[in-house]
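Enquirer: Please find one structure pasted underneath; my questions will follow.
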Amino acid sequence: MRQGWLPLGVLLAGLTVFSGCAHAAETVEGWLTLQWGDGGPESPGNHRRVSLTDDTGQTVALSVSDELLRGGVFRWNGQRVRVYAPSSGARFSADGAMRVRALELLGQPSTPAAVTGSQPWISIPCKFADIADEPEALAFFEGMYANQPGGLDHFWREVSYGTIDVVGSIAVDWVTLPGVQTDYVPTPGSGTDANLNKVFDDCTAAVDDIVDFSGGGTPLVGINIMLNGSLDCCAWGGGRFATLDGVTKSWRTTWNPPWSFANEGIIAHEMGHGFGLPHANNFDDDGNPYDSPWDVMSAATGYAASDPTYGALGKHVNAWHKDKLGWFAPDRRFEAMVGEVTSIELDHTALANATHYQMALLSISADSMYTVEARMREGLYDSELAGDAVIIHEVRLGRSEPAWAVDADMPPANYGDNPGTMWQPGETFA
Ligand SMILES: [Zn+2]
C-alpha cells in the first residue's frame, strides 16, 4: 500500500560475547533470566529483574546495568552465562542482589531469540491461603486459549503469520497456595519485592499431582500464573529457570493479579515478555514505556479491539520485535544494502499471506537501526488502531526499550497517536 524512499545505512554485523571488566572478580556460572514488571492501577511504573540460577538450582538476583546487557536483552535472556562479581567489598547491593562487573555469554546459539512452532502454555489459577475469592472460573481460563477471534491461539497465529500457535495449552482449576498473601508479597499492591520465585515454586507444586509439565516428551513452554489477589506493584512476565517433572529449562512465565487477566491484552503483553520481548516505546523519552499504541508490548490496552468476555485484546507487535522472533518469511522482509536507492511496497502488518514486503530494515551500526512498517485498521487485533499509517521505529539495542516509534513533532507527543508518529504517503524521513 505504501511507497517510500529509504535512506541508506551501513550494515554491520557483530557478536559481543563479553561485556564489562572482569578484573579482580569471582565468577559464577548459570542461566540468566529476565522478568519485566508492569505497574497496575495502584502502582504505575515499570521494573526489570535479572537473575541467575546456578547448577544447584539456587537463584540469585543480579544487579546489572543496561550497559552490561550490551547488545540488548535478546542476547542474554535465557542464556548460559558466566557472571563476574566483586571478589571483595560490597558484593551484594542493599536489596540483596549480586553486583555484576562483567557478563560472559557461554556458547553461541545460532538464533537464541527465535520463537517458532507450537507454544503450549498452562494457566494455573492460584489462591493465596487467606483469600477465598475466585475471580474467574476454569472455563474462562480454558476459553482464553481458543483458536477463535479473541482467543490467544487465534491472536498469536495472526500476529506471527502462523509461525507460532499455542496449541496444546491448557488450564486447570483453582488450587490453593500453602502461604498467605503476605508470605509472598510484603506490601500487596505496592513495592517491587514480590517473591516471584516462591509464587512459581508453590503454584507449580500445588498442581504437581495433576499436571505433567514434561508433556510426555513435549514439554509445556510457559506458565501463566493467575492469582486471586495483588502481587506488589505489578504483573510480571519473563522466565523462571527451574526443573519441573524432570525438565530443566527457562520456563516462559507470567505472574498475574486479577487486573491483569481482566484484559487479555495484558496477558498477551506478559506472554510477550515470556517470549523474550522487551517493551516498545514512543519517542518522548519520558521513561514511561506504555505510551506507544502501535505495540502490545507498550500500550497493551490502548486502541485495542475488545471482546465481551476477555476485555481489551492485544494488538500486533512492531516489525523489529517480529523480526527478532523470526516471524517474517525471508521474502517478506527488505533489508537495505549499502549504496542502494530503491522504492519498495509494503503490505500492512496484519495481512496474512502478504505478497509484498511487510517490513524494511535499515542498519546504521551493529546496535542501531530503523524499521519501517505499514499499519492499517485491519484484521481483528489491529482493527482499532489510531489510524492507517506508516510507522518508523528507531531501534537501539542498548536501551531498555530498544524500539521507539519515531515522532517528527518537536517536542515529541506524550502519546504516540499523533500525526508526527503516523507517517503518510508523500512524507519524507531523513
Ligand atoms: Zn511489560
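Enquirer: Could you grab me the full set of residues in segment 306-326 that are surrounded by fewer than 21 Cβ atoms within 10 Å (Cβ to Cβ) and in a loop (DSSP other than H, G, I, E, B)?
Expert: Correct list: 308, 309, 326.
Enquirer: Which of the residues belonging to segment 108-128 are modelled with pLDDT under 95 and more than 18 Å from the chain's Cα centre (by Cα)?
Expert: Those that are modelled with pLDDT under 95 and more than 18 Å from the chain's Cα centre (by Cα): 108, 109, 110.
Enquirer: Shifting gears a bit: Tell me whether segment 175-182 contains one or more residues that are modelled with pLDDT of 95 or more, at negative phi and assigned to a helix (DSSP H, G or I).
Expert: The answer is yes; a qualifying residue exists.
Enquirer: One residue is enough: does segment 307-320 have a residue meeting the conditions hydrophobic (A, V, I, L, M, F, W, C), away from the ligand (no atom under 14 Å from the Cβ) and under 14 Å from residue 349 (Cβ atoms)? Break it down stepwise before answering.
Expert: If we filter segment 307-320 for residues that are hydrophobic (A, V, I, L, M, F, W, C), which is where we start, we get 312-313, 317, 319-320.
If we keep only those that are away from the ligand (no atom under 14 Å from the Cβ) as well, we get 312-313, 319-320.
Restricting the remaining residues to those that are under 14 Å from residue 349 (Cβ atoms) gives 319-320.
Yes.
Enquirer: Of all residues in segment 37-61, how many are part of a strand (DSSP E or B), within 16 Å of the ligand (Cβ to nearest atom) and open to solvent by less than 40 Å² (accessible area, probe 1.4 Å)?
Expert: We begin by selecting, within segment 37-61, every residue part of a strand (DSSP E or B); these are 37-39, 46-53, 59-61.
From the residues that got through so far, the ones that are within 16 Å of the ligand (Cβ to nearest atom) too are 37-39, 46-50.
If we keep only those that are open to solvent by less than 40 Å² (accessible area, probe 1.4 Å) too, we end up with 37-39, 50.
Counting residues in segment 37-61 that are part of a strand (DSSP E or B), within 16 Å of the ligand (Cβ to nearest atom) and open to solvent by less than 40 Å² (accessible area, probe 1.4 Å) gives 4.
Enquirer: Restricting to segment 280-298, give me the number of residues that are crowded, with 24+ Cβ neighbours inside 10 Å and within 14 Å of the ligand (Cβ to nearest atom).
Expert: Residues meeting the conditions: 7.
Enquirer: Only residues that are aliphatic (A, V, I, L, M) and open to solvent by 60 Å² or more (accessible area, probe 1.4 Å): list them for segment 138-164, please. It would help to see each step written out before you state the result.
Expert: Initially, segment 138-164 is screened for residues aliphatic (A, V, I, L, M), giving 138-139, 144, 146, 152, 159, 164.
Matches in segment 138-164: 139 only.
Enquirer: Another question, if that's okay. Got a number for residues in segment 99-118 being touching a residue at least 40 places away in the same chain (Cβ under 8 Å) and open to solvent by 10 Å² or more (accessible area, probe 1.4 Å)?
Expert: Total meeting the criteria: 12.
Enquirer: Looking at segment 327-352, which of the residues that are part of a loop (DSSP other than H, G, I, E, B) and free of Cβ contacts under 8 Å to residues at least 60 places away in the same chain is farthest from residue 275 (Cα to Cα)? Working first, answer last.
Expert: Filtering segment 327-352 down to residues part of a loop (DSSP other than H, G, I, E, B) leaves 327-329, 336-342, 347, 349-352.
Next, only the ones that are free of Cβ contacts under 8 Å to residues at least 60 places away in the same chain stay: 349, 351.
Values: 349: 19, 351: 22 Å.
The extreme case among them is 351.
Enquirer: Let me ask something additional. With closer than 28 Å to residue 69 by Cα and surrounded by fewer than 18 Cβ atoms within 10 Å (Cβ to Cβ) as the only criterion, which of 364, 344, 391 stands out? Let's see the steps before the verdict.
Expert: Working: 344 fails: closer than 28 Å to residue 69 by Cα; 391 fails: surrounded by fewer than 18 Cβ atoms within 10 Å (Cβ to Cβ).
That would be 364, the only listed residue that is closer than 28 Å to residue 69 by Cα and surrounded by fewer than 18 Cβ atoms within 10 Å (Cβ to Cβ).
The values are calculated or read from the model by the stated rules, or taken from the named source; none is laboratory data. Note that the coordinates shown come from a computational prediction; the quantities given were computed from them, not determined experimentally. Cβ: placed from backbone, ideal geometry, glycine included. Neighbour counts: every protein chain shown. Accessible surface areas use protein heavy atoms only, side chains included; no ligands, DNA or RNA. Shrake-Rupley method; radii C 1.70, N 1.55, O 1.52, S 1.80 Å.
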